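Each remark here refers to the structure printed beneath this line.
Each reported figure results from applying straightforward, stated rules to the coordinates on display, with no laboratory input. All values derive from a computational prediction rather than experimental measurement. Reconstructed Cβ throughout: ideal geometry from the backbone, glycine too, with neighbour counts over all protein chains shown.
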Amino acid sequence: MMKQMASLVSAGSAGLLLGVGCVGSSFADDAAAKTRFFSAAQLKALIVHSNGGMAADQFLKGPGSDVFIIRRDKTGETEVHMAFNDIYVVKNGHAKITVGGQVTGNRETAPNEWRGGSIRGGTDYRLAAGDVLFIPAGMPHKTFVSPKEQLTYVLVKTPK
């Protein structure tokens, strides 16, 4: 059995996103593969309004992946996605994310989706602009944002 691990690399920019192909806010599934482009200004406009310390917009939903732009203004909940890998492409800001370890006190919020509780153990990663973090399905993770800080990233979800 292969041990699953999170991986952090520096991409130098979030340009990797454009290779994924992007679509506009609230667009439906796009069955036919098309090249899409979103400028940095368009992505920024999607996350202007925060709700509960986070602004998020899913701007691509297609075969094989879902893509979101997210701005976190405060620490989030512990998350475990049993059916999806998460790929963080950091655009700007700073945060710490704890990945792995044991989770206690979480709850199932949807099939194969768990939220809340606390993580004991795990590995801390310091995220900054240009970094890419891969978190395999089933791996607990929690993003910590310091007061007066924020983190903006593109999140690509791929099936397990």
**Request:** For Lys34, go through the aspartates and glutamates and keep the ones whose alpha-carbon is under 17 Å away, minus same-chain ones fewer than eight residues off.
**Result:** Asp66
**Request:** Please give every one of the lysines within straight-line cross-link reach of Lys96, meaning a C-alpha to C-alpha distance under 18 Å, and leave out same-chain neighbours fewer than 8 residues apart.
**Result:** Lys74, Lys142, Lys148
**Message:** Considering all alpha-carbon pairs of region 52-95, what whole percent are spaced by more than 16 angstrom?
**Reply:** 47
**Request:** First select every other residue whose beta carbon is under 15 angstrom from the beta carbon of Thr104; then total the charges, Lys and Arg +1, Asp and Glu -1.
**Result:** +1
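Restricting to Cα atoms and excluding each atom paired with itself, what does the Kirkwood estimate give for region 25-115 in Å?
Its Kirkwood hydrodynamic radius stands at 15.4 Å.
Less than 10 Å Cβ to Cβ from Ala56, Lys/Arg counted +1 and Asp/Glu -1: what total charge do the surrounding residues give? Don't skip to the answer; put the middle values down first.
Numbers: positive: Arg71, Arg72; negative: Asp57.
In short, +1.
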**Request:** Apply the Kirkwood formula to region 78-160: the hydrodynamic radius equals the inverse of the mean of 1/r over all pairs of different alpha-carbon atoms; give it in Å with one decimal.
**Result:** 13.0
